[in-house]
Amino acid sequence: MLDVLDHLGISEVNSGLSDGLTWKNTTGEIASMISPADGRSIARIQQATGKDYEDTVKLAQEAFNTWRMVPAPKRGEIVRLIGNALRIYKDDLGRLVSYEMGKIYQEGLGEVQEMIDIADFAVGQSRQLYGLTMHSERERHRMYEQYHPLGIVGVVTSFNFPVAVWAWNAMLALVAGDVVIWKPSSKVMLSAVAVHNIIKKVLIDNKVPAGVLNLIIAGSKEIGDNFFADKRVPLISFTGSTNVGRKVSRIVGERLGRSLLELGGNNAIIITPSANMDMAIRATVFGAAGTAGQRCTTTRRLIIHESVYDSFRDKLVKAYGQLRIGHPLHATTHVGPLISKASVSDFEFAVKKVQQEGGRILFGGTVLQGEGYESGCYVAPCIAEAKGHYEIVQEETFAPIVYLMKYTSVDEAIAIHNGVPQGLSSSIFTTNMLEAEQFLSHEGSDCGIANVNIGTSGAEIGGAFGGEKETGGGRESGSDAWKVYMRRQTNTINYSTNLPLAQGIKFDI
């Protein structure tokens, strides 16, 4: 890792404040980043202060006045160059993400590839920030709508995707003409520092103003509620837990600001009698155990038809027995560690709770100890039989535990599926067209993402990403998600010498 850190510009002590072009001197607390893979300190960060935040916002305001006047395709060119820089550093950044967060190396590479993909998408979008024209009811009038840059976009990201979620927001915000202030998770600060080191040369070489892409690393006591309450920040994009998301929504809502919320997921796969069982097993194992169960799209519930329940359960248990748990940078590892010992405690609580409610553990559910597991963050992914109404099944445990339950009819399966507070991702495995279409219809899945014959994780850049209910309702990435980063304006032009008034009102001067 020493070579990787050197290539990425990571020092023993790093500044937690950047305006995109330079690293600033800060006087905040020093935080040490510990890898969940082996419990070792990677490097330290000198965090920012409340004063640093004020200076950053003022600089971002100034930068916005300049950046919004750059033609959108030229803003897209900067994004294209950022994508190219990420290609050069893909391997190193992927390794750092893996080591700092705990996801396996291939998933770390995949996360950086998502950054590259959204950059490519945003480049094309920079030439398609389109509006609409409409026929006016008044003679010799033209009416249309257009989109303008919004301002400062505050991006608060979670630990499970240390860099990709920033890119989902920042690349679209850049082409929209916005500026960005990024506050990363306190658990994965170094990955954010590395990203700003990578993009720094692109910004300098292309004379992008200081303050267009800002990074500010600090604890919530310095930068927290004040960030959400700041009227100078019209949009807060927050990725995290539902509980914290409620607080963010309330604070932003009180000032009538915008919030883009990507919160909890309690994702399920319905396994029907006609399902291709081999495909369904592969999707389940990857969806439930991948990233050690720490994706927002992790498969957490399996709703299995009673006629195939026993055989599917047995195949799943056998497949779990083949998972290799270990250091995330080892080539043979399937499942790395959880992010922290606190997450391990949450896992242990869920395993105990499901048994107290009447469930049965079929596989795993233990904390691993011994050589290679010294960090205390490794667990054996758990399979548990449960009922949909159990309290623990209604919750999202950010760990590798999947609950199995039976159903008899597709209507019952959909009811069980929808019977949780969250609504992010969903899937059905079937070769029955009627079942598939019902699942995708307005009486089917109530999630923002609904799939047929693929799992709940692995969303593509081209589609809008997000969910309903307690997932927050936000949409990021593809499709028309760019619109949330802009303000919408309706325009009417009178090209006559008359001024018709509403409802035929006559007004003589």
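The values are calculated or read from the model by the stated rules, or taken from the named source; none is laboratory data. Predicted model only: the values in this text are computed from it and were never measured. Note: ideal-geometry Cβ built from the backbone for every residue, glycine included; neighbour counts use all protein chains shown. When the accessible area is computed, the model is the full protein with side chains, heavy atoms only, and any ligands, DNA or RNA have been set aside. Shrake-Rupley method; radii C 1.70, N 1.55, O 1.52, S 1.80 Å.
For segment 318-337, enumerate the residues that are in contact (Cβ under 8 Å) with a residue 60 or more places away in the chain and touching a strand residue (DSSP E or B) at 6+ places or on another chain (Cβ under 6 Å).
Those that are in contact (Cβ under 8 Å) with a residue 60 or more places away in the chain and touching a strand residue (DSSP E or B) at 6+ places or on another chain (Cβ under 6 Å): Tyr320, Val335.
Is it the case that Lys231 is assigned to a helix (DSSP H, G or I) and of a type in the set (Lys, Arg)?
Values: assigned to a helix (DSSP H, G or I): no; of a type in the set (Lys, Arg): yes.
In short, no.
Is at least one residue of segment 378-392 assigned to a helix (DSSP H, G or I) and basic (Lys, Arg)? Even if it seems obvious, please write down each step before you answer.
Here is the first cut: in segment 378-392, the residues assigned to a helix (DSSP H, G or I) are 391-392.
Pick out the ones that are also basic (Lys, Arg) and you get none.
No, segment 378-392 contains no residue that is assigned to a helix (DSSP H, G or I) and basic (Lys, Arg).
Hand me the list of strands (runs of 3 or more DSSP E) wholly inside segment 399-509 holding 2 or more residues that are over 13 Å from Ile269 (Cβ atoms) and not β-branched (Val, Ile, Thr). Outline the logic, then answer.
Details: elements: 401-407, 425-429, 449-452, 486-494.
In segment 399-509, the matching strands (runs of 3 or more DSSP E) lie at 486-494.
For the subset of segment 286-307 comprising residues that are in a loop (DSSP other than H, G, I, E, B) and open to solvent by 20 Å² or more (accessible area, probe 1.4 Å), which member is farthest from Ile401 (Cα to Cα)?
Here is the first cut: in segment 286-307, the residues in a loop (DSSP other than H, G, I, E, B) are 294-298, 306-307.
With open to solvent by 20 Å² or more (accessible area, probe 1.4 Å) added as a condition, the list becomes 295-296, 306-307.
Working: Arg295: 12, Cys296: 13, Glu306: 21, Ser307: 23 Å.
Filtering first and then ranking leaves Ser307.
Can you tell which of Leu263, Leu235, Leu256 is farther than 22 Å from Gly110 by Cα and buried (at least 22 other Cβ atoms within 10 Å of the Cβ)?
Leu235
Within segment 201-213, does at least one residue satisfy the condition of being open to solvent by 30 Å² or more (accessible area, probe 1.4 Å) and modelled with pLDDT under 95?
No, the conditions are met nowhere in segment 201-213.
Considering only residues of segment 480-509 that are open to solvent by 50 Å² or more (accessible area, probe 1.4 Å) and hydroxyl-bearing (Ser, Thr, Tyr), which is farthest from the chain's Cα centre (by Cα)?
To start, the set of residues in segment 480-509 that are open to solvent by 50 Å² or more (accessible area, probe 1.4 Å) comprises 480, 483, 487-490, 492-495, 497-509.
In the following step, the residues that additionally are hydroxyl-bearing (Ser, Thr, Tyr) were identified as 490, 492, 495, 497.
On the way: Thr490: 31, Thr492: 38, Tyr495: 47, Thr497: 52 Å.
Within segment 480-509, the match that is farthest from the chain's Cα centre (by Cα) is Thr497.
Take the residues in segment 266-284 that are surrounded by 18 or more Cβ atoms within 10 Å (Cβ to Cβ) and among the small types (Gly, Ala, Ser); name whichever of them is farthest from Val233 (Cα to Cα).
Looking only at segment 266-284, we keep the residues that are surrounded by 18 or more Cβ atoms within 10 Å (Cβ to Cβ), and these are 266-272, 275, 280-281, 283-284.
Within this subset, residues satisfying the condition of being among the small types (Gly, Ala, Ser) are 268, 275, 280, 283.
Values: Ala268: 36, Ala275: 48, Ala280: 44, Ala283: 40 Å.
Among those residues, the one meeting the criterion is Ala275.
If Gln125 passes every condition in (1) in contact (Cβ under 8 Å) with a residue 40 or more places away in the chain; (2) more than 30 Å from Lys231 (Cα to Cα); (3) open to solvent by 10 Å² or more (accessible area, probe 1.4 Å); (4) not hydrophobic (A, V, I, L, M, F, W, C) but one, which one does it miss?
With respect to (1) in contact (Cβ under 8 Å) with a residue 40 or more places away in the chain; (2) more than 30 Å from Lys231 (Cα to Cα); (3) open to solvent by 10 Å² or more (accessible area, probe 1.4 Å); (4) not hydrophobic (A, V, I, L, M, F, W, C), Gln125 is out only on (2).
Tally the residues that are within 12 Å of Ala37 (Cβ to Cβ) and among the small types (Gly, Ala, Ser), restricting the search to segment 78-120.
3
Of all residues in segment 422-449, which are closer than 17 Å to Arg301 by Cβ and either open to solvent by 40 Å² or more (accessible area, probe 1.4 Å) or of a type in the set (Phe, Trp, Tyr) (or both)? Break it down into steps so the answer makes sense when it comes.
Residues of segment 422-449 closer than 17 Å to Arg301 by Cβ: 422-430, 439, 444-449.
Scanning segment 422-449 gives Phe429, Phe439, Asp446.
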